[in-house]
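Quick notes on the structure that follows.
Values in this text are rule-based calculations from the coordinates and carry no lab data. Computed from a predicted structure; not experimentally measured. We place every Cβ from the backbone using ideal geometry, glycine too, and count neighbours over all the protein chains shown.
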Amino acid sequence: MRLGFKLLAKAPGSAARAGEFRTLHGLIKTPLFMPVGTNATVKGLRVEDLASTGAQMLLANTYHLLLRPGPEVFETLGGIHKLMNWPGSILTDSGGFQIFSLPHARSMSEQGASFRSYVDGRVILLTPELSVATQKSIGSDIMMVLDQCIPSTADLQTARDAMELTHRWAKRSLMARGDSKQALFGIVQGALHKDLRRQSVDVLSSLEFDGLAIGGLAVGETRHERQDYTEYTAALMPEDKPRYLMGVGTPIDLLEAVHRGVDMFDCIIPSALSQQSVTYTSKGRLRLMRAVYKFVDEPLDPNCSCYACRNYSKAYIHHLHKASELLAWQLTSIHNLQFYHALMQSMRERILAGTFLQFYNERRELLIRQDEERPPAKIPGPRNSKNYERRGAFSVRASADGFFSIEHVDSGEVMHPGADPNIEARRLYVEQARFVERLSAATSSELVIWDVGLGAGYNAMAALSAYEAYCNSSDGSNLPALRIISFENDLDAFKLALMNGKRFPHLRHKAPHLLIREGAWRPKHLPLTWELIEGDFLSRMVTVPPGNFIFYDPFSSRTNRDLWSLEAFREIYRCHQTTDSELYSYTASTRVRAAMLGAGFFVASGASSGKKSETTMAFTQAAITRMRNEIEQPKLLADDWLQRWERSDARIPFTLVAADTEILTQAIRNHPQFAKSSTRI
């Protein structure tokens, strides 16, 4: 066995394990988190920065390194360690997930995956043999087999076919490895089917792999499903080999997975979220763009010794993020990575000491805590406000037309600007979605609305009012069930509107008052639930059922850039890719439409709203299939939009890293929406 894995301790009352193994570049202690250095670099950081945070092993990506700089560069210059000047260990992913992320720009066969290079346009057939040969040229310490990654929610037959192909590729990968001293891991597949997971572990455990990875999770399932299948799969895996959960995740994900017996992890989250000013601390998750940090002269985390915490204040890093300075990303990345590595080290120490279960119970609540910081009682500078005019970061704003809106003071953004908010909410979200028609035709047990950005409650109340009117006009039998799920990170806007009932008459209903007081409203006489999910939308959305309608109404990218990024829409699409779902939003941004298309949605222009001549609608494949039978069909963006997009200076979605730009371009060009026959669905 190339790694010589040693299991040093198992935690009482838990499946958590502490171990160690030795790669070609040194001793590795588990549990372990690997920062993602896709292109032989972790974005924005020097190797000295990575070493200072406690990184033991990095992850690089074979797909990207095959295309640029190419195997011949590594062979000529002596491998990836010398090229990037990293003395520690490196694991290379095979490229299977990257190929999975291009559903419209690749084809799969028994031989391998065929795709077009985003570097020079060549068509490349990535076979298990080529993947391993490339990883051997790169010179990584641990190689991964090429696997077929599919959505975790795939049906049984699709999952079985992908798993069996992965097994055949795994055997070919072992043959291609030969006598190389590099370790090789197999990847367990099987989606959300326990019998397939067991079969996959049995097959791969019988082969001479140095470790096993849990693949096919974090690609569509809920968080609870991910935890259940992680626990189930890890328990089947050999005790004498490392267990690696691929592509996961947040700090709470790591804690839960270690508790279930996993040893190794990788994820882009600590560095990707740093671009969005999100940082993890001993007090919970903070978003440094918030105005509350403007005057805070203290480190990101008083319990952290990282370079950022030793040298800079929250106020300074807040300023850097507001000014879009690269240093903000770098400092926040350094802190986040040190937080991750310190968390793994703490878990290891508690496993060895036999007290992990206590640590697990203590840390769970902390690691899901959202940003609860509020402005101090006195903020420097003049304040001229009245109790009912201002709350937190929001104020009441009167329009010249006689209606009132809520304004975000620091950014100047107004909720539903340029039109009566009640009319806009009804026209843009409820009527455009043909909500009442869907109620009439409802065949499922429950229709679900995701109200993303509760704000002053206009969109949710428009849907609730339309539902009540529909039910009152019916004979009372076989009423369709409705579940409205409102997501909001800052409830001050909603509370301010409730305080001003005369100015916001749409809230003259007991539902919003009970919602804010109890977190949910369930009338006795209707099959209706309205619930409130407070906190970060992207981390909380996986805890609820997919939405049939997504009313996407957060503040714009100026204030809330992370919710308009390609990563955000990919996560939303993963939650809905097998669901008949429609998304409606006030934006007509080229960047946002590109992000939706890149995530997999079919995208169309929507109705005008206020000063906007058009808005945006997006649909899953299941929604497109259903709508082909309807008389009124939205017109999808067509080739003329694609041509304008390719010439646009604003064509690239927010926060997209340079390495993914050409992949996105290829994915959009190959999207089935832009086939000649697809401009109408």
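Values as computed for the structure displayed
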quantity	calculated
Antiparallel bridges, percent of DSSP beta bridges restricted to the stretch 24-266 (to nearest 5)	25
Amide H within-cut-off set for residue 582, under 5 Å, with H built and near neighbours excluded	549, 550
Loop GluC sites (Glu not before Pro), the stretch 414-510 (other Cβ atoms within 10 Å of the site Cβ: 14 or fewer; DSSP)	446
Size of electric dipole in the chain: Cβ of Lys, Arg +1 and of Asp, Glu -1, about Cα centre, debye, nearest 20	800
Amide H contacts under 5 Å for residue 636, placed H, 5+ residues apart	681
Alpha-carbon centroids, the stretch 6-60 and the stretch 555-607: separation in whole Å	34
Per-residue [θ]222 nm for the chain (sum of -39500 (n - 2.57) over DSSP H runs n ≥ 4, rounded to 500)	-10500 deg cm²/dmol
Order of 269, 484 - criterion: other Cβ atoms within 10 Å of each residue's Cβ, fewest first	269, 484
Order of 552, 586, 470 - criterion: other Cβ atoms within 10 Å of each residue's Cβ, fewest first	470, 586, 552
Cα gyration tensor shape for the stretch 468-591, rounded if a/c is under 1.5, else prolate or oblate	oblate
Reach of residue 495 by Cα under 29 Å, taken over lysines that are not fewer than 8 positions away in the same chain	283, 294, 314, 322, 378, 386, 510, 524, 611, 612
Kirkwood-Stokes translational diffusion coefficient of the chain, alpha-carbon pairs, 25 °C, 0.890 mPa s, µm²/s	92
DSSP-defined antiparallel bridges as percent of all bridges, the stretch 419-678, nearest 5	35
Amide H contacts of residue 89 (H built 1.01 Å from N, under 5 Å, at least 5 apart or other chain)	58
Set of lysines near residue 6 by C-alpha distance (under 21 Å), chain-local residues within fewer than 8 positions excluded	29, 181, 241
Euclidean distance between Cα centres, the stretch 194-263 to the stretch 429-493, Å	38
Percent antiparallel among DSSP beta bridges (both partners in the chain, rounded to 5)	50
Ranked list, fewest to most other Cβ atoms within 10 Å of each Cβ, for 97, 602	97, 602
Only Lys, Arg (+1) and Asp, Glu (-1) charged, at Cβ; the stretch 24-266 dipole about Cα centre in debye	400
Formal net charge of residues neighbouring residue 525 (Cβ-Cβ distance under 15 Å; K, R +1; D, E -1)	+1
Shape call, the stretch 419-678: gyration tensor on alpha carbons, a/c limit 1.5	prolate
Reachable aspartates and glutamates from residue 194, criterion Cα separation under 17 angstrom, eight or more residues apart if same chain	155, 161, 164, 202, 221, 225, 228, 231
Cα-Cα P(r), the stretch 24-266, percent of pairs per 10 Å interval	8, 33, 39, 19, 2
